[in-house]
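Each remark here refers to the structure printed beneath this line.
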Amino acid sequence: MIFGRTERGKAPVEPVTLKILVAGGFGVGKTTMVGAVSEIKPLRTEELLTEAGRPVDDTSGVEGKHTTTVAMDFGRITLREDLVLYLFGTPGQDRFWFLWDELATGALGAVVLADTRRLEDCFAAVDYFERRSIPFVVGVNCFEGAARYPNEDVRQALDLDPGVPVVLCDARDRESVKEVLIKVVQHAMAYAADRRQTVTT
C-alpha cells in the first residue's frame with residue numbers, strides 16, 4: 001500500500017464491524033465456537049471448576065468439563081474485505097448472567113448454541129434475546145453420540161417464533177461456524193428491515 005492506496009489504485013476499504021453474541025447453557029461449546037473461527041488468538045476468561053462450585057455447577061452431561069467462562073470469550077473474524085465480526089461468548093452459568101446486559105450492548109444479533117441432550121439449558125438465552133428484541137439464530141451443536149432431530153422438532157421444543165432460523169453445526173469446525181455466523185448476519189439484517197417497514201407503514 002502506497003500513500004493510503006492499494007497497488008491497484010483502489011482506495012482502502014473501511015470495513016463495517018458488527019458485534020455478535022454467542023450464548024447458551026453451560027458446556028454447550030461457546031468457547032470452542034469462538035476459538036474455532038477467530039482469526040486472532042481468542043481472549044478467554046476461563047477458570048477451573050472447584051469443589052466450592054460443585055453445588056451450583058450442573059456438570060451432568062458434560063462430566064469431562066473442567067473449566068468455565070467467568071466473564072466472556074472474545075474473537076474476531078473477517079467475513080469479507082468490508083465486513084468484520086467481533087464475537088463475544090457469554091458465560092453459561094446463571095450466577096454470571098449479570099454480565100449479559102453489558103455484553104449485549106450494541107449487538108447486531110446472537111447465536112444461541114444448543115445441545116439436544118440438554119435442550120432446556122438454552123431456554124434462558126432464548127428468553128433473554130426475545131425479551132430484548134435481539135435477533136438470534138439457534139445453532140444445534142452436533143455432539144458425537146447425541147441424537148439428531150429435525151430442525152422443526154427443535155423449534156417446537158424451544159417454542160421459537162417461525163422466523164427464527166435453526167441450523168445444525170459443529171462448533172469445532174471453522175467452516176461450519178462461519179455458516180452459522182453468516183446466517184446470523186442475514187437474519188439480523190432482514191429483522192431490521194422488517195422493523196423499519198413496520199415503523200413506516
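We did not get these values from a lab; they are worked out from the coordinates using the rules stated. Keep in mind it's a predicted model, so treat the numbers as computed, not measured.
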D (Stokes-Einstein, µm²/s), Kirkwood Cα radius, segment 143-201, 1.002 mPa s at 20 °C = 159
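Contour minus end-to-end for ASP127 and LEU83, with contour as 0.36 nm per residue of separation and end-to-end as the Cα-Cα distance?
Numbers: separation 44, 0.36 × 44 = 15.84 nm, distance 2.85 nm.
Between ASP127 and LEU83, full extension yields 13.0 nm more.
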